[in-house]
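Peer 1: Take a look at this one; I'll ask things after.
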Amino acid sequence: MGIELFYLVFLLLQRNDSAQGSCFSGSAVTCEDCLLLGPHCAWCSQENYTDSLGFGGRCNTPEILLSNGCHSSFIEFPTSDIEIQRNNPLTESTQSNSSDVTQIAPQNLVLKMRAGNQVTLQVNVRQTEDYPVDLYYLMDLSASMDDDLNMIKELGSTLSKEMSKLTSNFRLGFGSFVEKPVSPFIKTALEEVNNPCRSVHHTCLPTFGYKHVLPLTENAEEFNEIVKKQRISANMDTPEGGFDAVLQAAVCKVQEPCNYEA
């Protein structure tokens, strides 16, 4: 029994040393280095703190530093914290003014996280009935998207039908993009600029960066007609200018007046 008890104590001590090993390795010589070793590590900044490992001994768990004589006021041990600044209750029924609708809670918070730490945050969401929805469809019109263009020619009707199950206030807009019309993204010979599909014996539009085609509208048939009139273009490289187009769509007036509540 005595040998078994001794062996159990030895295992517990060994496990404790293993858990603290990443802090007690002596590799950290600054507070920053120490705190980055793991979320359980702390640093002693006390001037007269002495340890056999020198600077390395200043990095350990808070419990070990305290037991070695470091005062708690000199122990640097940051923790993660969540401060909820605004947490209005979720809206339970349809509101006449959409600006009064709350669909997610909390609405505003400050999250401070220590490297390597985990924080659990509960977010509550409730979809409000008949809330306005604006959908701006931004399409890649490079040559590889020719098949997709044919597939979405009735997209406006399909989207309107499905969205009518959720809201009566739904609008559609349309924009398109290809790539920057400059070298090395396109061929700069005049005949290639005018018809970038010339090498594959096809006629297409000159390359363009972004086009705002249709402002937001409730008319799904107008959306369908606009899509049917679109023609592809082409460019040299595989990645297209999608991010540029998203930025343009975000800063340009895709609707007038602007509905910031949607």
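The values are calculated or read from the model by the stated rules, or taken from the named source; none is laboratory data. The structure presented is a predicted model; accordingly, all values stated were derived computationally and were not measured. FYI the Cβ positions are ideal-geometry reconstructions off the backbone, even for glycines, and counts take in every protein chain you see. What goes into the accessible areas is simple: the full protein's heavy atoms, side chains included, and nothing from ligands, DNA or RNA. Shrake-Rupley method; radii C 1.70, N 1.55, O 1.52, S 1.80 Å.
Peer 1: With every protein chain left in place, what is the accessible area of Lys161 in Å² (1.4 Å probe, nearest 10)?
Peer 2: For Lys161, solvent-accessible area is about 140 Å².
Peer 1: Order Met145, Met139, Met151 by their accessible area, 1.4 angstrom probe, all chains in place, largest first.
Peer 2: Result, largest first: Met151, Met145, Met139.
Peer 1: If you rank Val213, Val251, Val178, Val29 by how much accessible surface each has, with a 1.4 Å probe, what is the order from largest down? All intermediate terms of the calculation are to be shown ahead of the outcome.
Peer 2: Numbers: Val213 45, Val251 105, Val178 0, Val29 80 Å².
From most exposed to least exposed: Val251, Val29, Val213, Val178.
Peer 1: With a 1.4 Å probe and every protein chain left in place, work out the accessible area per residue of region 120-262 in Å², rounded to a whole number.
Peer 2: Value returned for region 120-262: 61 Å² of accessible area per residue.
Peer 1: In sequence order, what are the phi-derived ³J(HN,Hα) couplings for region 35-46 according to the Karplus relation 6.51 cos²θ - 1.76 cosθ + 1.60 with θ = phi - 60°, rounded to whole Hz, with x for glycine and proline?
Peer 2: Residue by residue, region 35-46 yields 5, 7, 5, x, x, 9, 8, 9, 10, 9, 9, 5 Hz.
Peer 1: In addition: Test of understanding: what is the full-extension gain from Cys252 to Cys31, defined as 0.36 nm times their sequence separation minus their Cα-Cα distance?
Peer 2: Details: separation 221, 0.36 × 221 = 79.56 nm, distance 4.76 nm.
Here the segment from Cys252 to Cys31 would lengthen by 74.8 nm.
Peer 1: Further question on the same structure: How about region 155-249: which GluC sites (Glu not before Pro) there are in a DSSP loop, with at most 15 other Cβ atoms within 10 Å of their Cβ?
Peer 2: Those that pass, being in a loop and sparsely packed, are Glu218.
Peer 1: For region 167-213, which whole percent of the accessible surface, found with a 1.4 angstrom probe, sits on carbon and sulfur atoms? Write out the running numbers ahead of the final one.
Peer 2: Working: 1440 of 2500 Å².
In region 167-213, the share of accessible area belonging to carbon and sulfur is 58 percent.
Peer 1: Which aspartates and glutamates, if any, have their Cα less than 18 Å from the Cα of Lys153, not counting same-chain residues under 8 positions apart?
Peer 2: Here the aspartates and glutamates satisfying the reach criterion relative to Lys153 are Asp140, Glu162, Glu218, Glu221, Glu222, Glu225.
Peer 1: Can you list the aspartates and glutamates whose alpha carbon sits under 13 Å from that of Lys228, skipping same-chain ones fewer than 8 residues off?
Peer 2: Cross-link targets: Asp146, Asp147, Asp148, Glu154.
Peer 1: Between Lys165 and Ile82, what is the label-point separation in nm under the 7 Å Cα-to-beta-carbon projection?
Peer 2: Label at Ile82, label at Lys165, 3.2 nm between them.
Peer 1: Run the accessible area of region 59-155 with a 1.4 Å probe and give the carbon-and-sulfur part as a rounded percent.
Peer 2: Of all accessible area on region 59-155, carbon and sulfur atoms account for 46 percent.
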